[in-house]
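Below is one structure, written out as structure tokens; the observations come after it.
The values are calculated or read from the model by the stated rules, or taken from the named source; none is laboratory data. Since the model is a prediction, treat every value here as computed from it, not as a measurement. All Cβ positions, glycine included, derive from the backbone under ideal geometry; neighbour counts span all protein chains shown. Areas reflect the complete protein model, heavy atoms only, side chains present, ligands, DNA and RNA absent. Shrake-Rupley method; radii C 1.70, N 1.55, O 1.52, S 1.80 Å.
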Amino acid sequence: MPEKEYIHLTYAIRNEEERSKELIRAYVNLLNKGIKYVFSKVNVKNGRVELPKKKEIYKELRDLMKENAQGLAKHYVDQAIHDVYSILDSWRRRFEKGRSKFKPPLVRKGYVRVKTTLRKVLGKSVRITVKPHEYITYSWDRRWFSSRVEGMELTEPVIKEDKVYLVFRKESPTTTPPETVAFDSNLYSLDGYDGEKFITISLKQLYSLKYVMQMKRAKVQSVASRKLKGGKKLMRRYSHRERNRVNDLVHKLANFILELYNNHVLVFERLNKESMFDDASESLSRKLSRTVWRKLVVVLKYKAPLYGCRVVEVNPHLTSRSCPRCGWVSRTVGRTFRCGRCGFTLDRQFNASLNIMRRFLHKFNLRMWRFPHRKVSGVIPLMGVRRMNGSIRDFGELQGSRIEYKVHEIQ
Ligand SMILES: [Zn+2]
């Protein structure tokens, strides 16, 4: 069985606690002290950075941090050590790529992730320990989201100067949800199979919006670079508008999918198809479409719990080249998939969606509903339909159960 999965919901409330600012300041100071210390132990060999092993310097580091903790509860010290290492680790990556200088990264804007040992949930509020016997409390009683998080567990709140982020979670049901829909992400469309029919959602509009904006952006950029003053401002205003319009469409699209398939599991390919895009032929359009998919999945994941949905990503390996019926793998990729063993024939993108669905169901040891799968080269009709003369009508049969949507028609 797959491991426990959680549904997370995050809400921000305004931070009106003056004392939290003190906490953030003290914590940032602590981080910077720790970073300086660990940085002094860093070795560089052939352009590679070696951070000192945590356990080798742990005791000294912890003592130093404790001295500088300004009375903060001792659990903050442990959290700070953890943060120091992750900050230095991302600095190391930037440095090795030549994007950072060789000097200790300085934390300016602070945030504190409050470990569970430092917070206590009391009804619809959380009490956070700052120093021994000194607390701050944040409440979500009568907030707009308070009914949404009822029965959910508060995890680690994140305190920033202006806002506090409350992260709630609940276990997502481990029983197999009854309905599943799988999507193949393509350059201009999402092509899905929901167990009964195929569905195509055109991404052309989203894609061309993004494309046009990219072009305009380049223009604005060149103008902005000529205007020294105000150029940055122009660029920022433009980027802002671009983001808004794309976001708007992505949200519309996400809402549409979630409404159409509420209480479903939505299966996508894991979208970091980096290897697929790594080759020299990477074009702008592919880059753009990738960013559109990513954004869509992020938004879907975020909104899914509100519709009783779950978003799952599966490995995309060979999904467009395998036969969903007998498992045969084709060497070539054309517009239409044709199985060399059992003769199964279907549009390549729909075929991929079948395989994505299968890959997900496989995790639960399930077979596809109305879609018997056999590892042998027997021919099994789809949906149990077999013609009198014994030939199979896969093509028309499946293509016929196809529905198309365009984003601009989605209201
Ligand atoms: Zn086959």
Tyr76 is checked against (1) under 30 Å from Glu153 (Cα atoms); (2) at pLDDT 90 or above; (3) aromatic (Phe, Trp, Tyr); (4) surrounded by fewer than 16 Cβ atoms within 10 Å (Cβ to Cβ) and fails just one. What number does that condition carry? (4)
Of (1) surrounded by fewer than 19 Cβ atoms within 10 Å (Cβ to Cβ); (2) more than 19 Å from Val28 (Cβ to Cβ); (3) of a type in the set (Phe, Trp, Tyr), Tyr111 fails just (2)
Check Asn15 against each of (1) closer than 30 Å to Lys303 by Cα; (2) surrounded by fewer than 17 Cβ atoms within 10 Å (Cβ to Cβ) and name the one condition it does not meet. (2)
Among all residue pairs at least 6 apart or on different chains, which show Cβ distances below 7 Å where the first residue, located in the stretch 232-255, is on the phi < 0 side of the Ramachandran plot and the second is crowded, with 17+ Cβ neighbours inside 10 Å and among the polar types (S, T, N, Q)? none
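With the structure loaded, tell me whether Asp83 is open to solvent by less than 20 Å² (accessible area, probe 1.4 Å), touching a residue at least 24 places away in the same chain (Cβ under 8 Å) and charged (D, E, K, R) or whether it fails that test.
Yes, satisfied.
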For the stretch 242-268, give me each residue that is part of a helix (DSSP H, G or I), open to solvent by less than 10 Å² (accessible area, probe 1.4 Å) and closer than 15 Å to Phe183 by Cβ. Val250, Leu253, Ala254, Ile257, Leu258
Quickly run through the stretch 193-229 and pick out the residues that are closer than 21 Å to Arg243 by Cα, loosely packed, with under 13 Cβ neighbours inside 10 Å and among the basic types (Lys, Arg). Lys219
May I ask you to verify whether Val49 is open to solvent by 60 Å² or more (accessible area, probe 1.4 Å) and aliphatic (A, V, I, L, M)? no
Please determine whether any residue of the stretch 216-226 is within 28 Å of Lys303 (Cα to Cα) and either of a type in the set (D, E, K, R) or assigned to a helix (DSSP H, G or I) (or both). no
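Within the stretch 195-204, does at least one residue satisfy the condition of being part of a helix (DSSP H, G or I) and modelled with pLDDT of 80 or more?
Among the residues of the stretch 195-204, at least one is part of a helix (DSSP H, G or I) and modelled with pLDDT of 80 or more, which makes the answer yes.
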Please verify whether the stretch 269-284 includes one or more residues that are of a type in the set (A, V, I, L, M), exposed (fewer than 13 other Cβ atoms within 10 Å of the Cβ), modelled with pLDDT under 65 and more than 20 Å from the chain's Cα centre (by Cα). yes
Name the residues in the stretch 329-345 that are in contact (Cβ under 8 Å) with a residue 40 or more places away in the chain and either among the aliphatic types (A, V, I, L, M) or within 6 Å of the ligand (Cβ to nearest atom) (or both), would you? Phe344
Determine whether Gly34 is crowded, with 19+ Cβ neighbours inside 10 Å and over 18 Å from Ile136 (Cα atoms). yes
Ile57, sole failed condition from (1) surrounded by fewer than 18 Cβ atoms within 10 Å (Cβ to Cβ); (2) hydrophobic (A, V, I, L, M, F, W, C); (3) in contact (Cβ under 8 Å) with a residue 24 or more places away in the chain: (3)
Exception for Ile380 within (1) surrounded by 15 or more Cβ atoms within 10 Å (Cβ to Cβ); (2) at pLDDT 75 or above; (3) assigned to a loop (DSSP other than H, G, I, E, B) falls at (2)
Quick check on my filter: what residues within the stretch 346-362 are under 14 Å from Phe268 (Cα atoms), of a type outside the set (A, V, I, L, M) and away from the ligand (no atom under 15 Å from the Cβ)? Gln349, Ser353, Arg359, Phe360
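Would you check which residues across the stretch 63-78 are over 21 Å from Lys120 (Cα atoms) and part of a helix (DSSP H, G or I) and list them?
Asp63, Leu64, Met65, Lys66, Glu67
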Say we look at the stretch 296-323 and pick out the residues that are under 10 Å from the mean Cα position of the chain (by Cα) and assigned to a helix (DSSP H, G or I); which of these is farthest from the ligand (Cβ to nearest atom)? Tyr302
Mind checking which residues of the stretch 114-156 are of a type in the set (S, T, N, Q) and either open to solvent by 50 Å² or more (accessible area, probe 1.4 Å) or over 20 Å from Leu30 (Cα atoms) (or both)? Thr116, Thr117, Ser125, Thr137, Ser139, Ser146, Ser147, Thr155
If you check Val126, Val107, which single one turns out to be assigned to a strand (DSSP E or B) and at pLDDT 90 or above? Val126
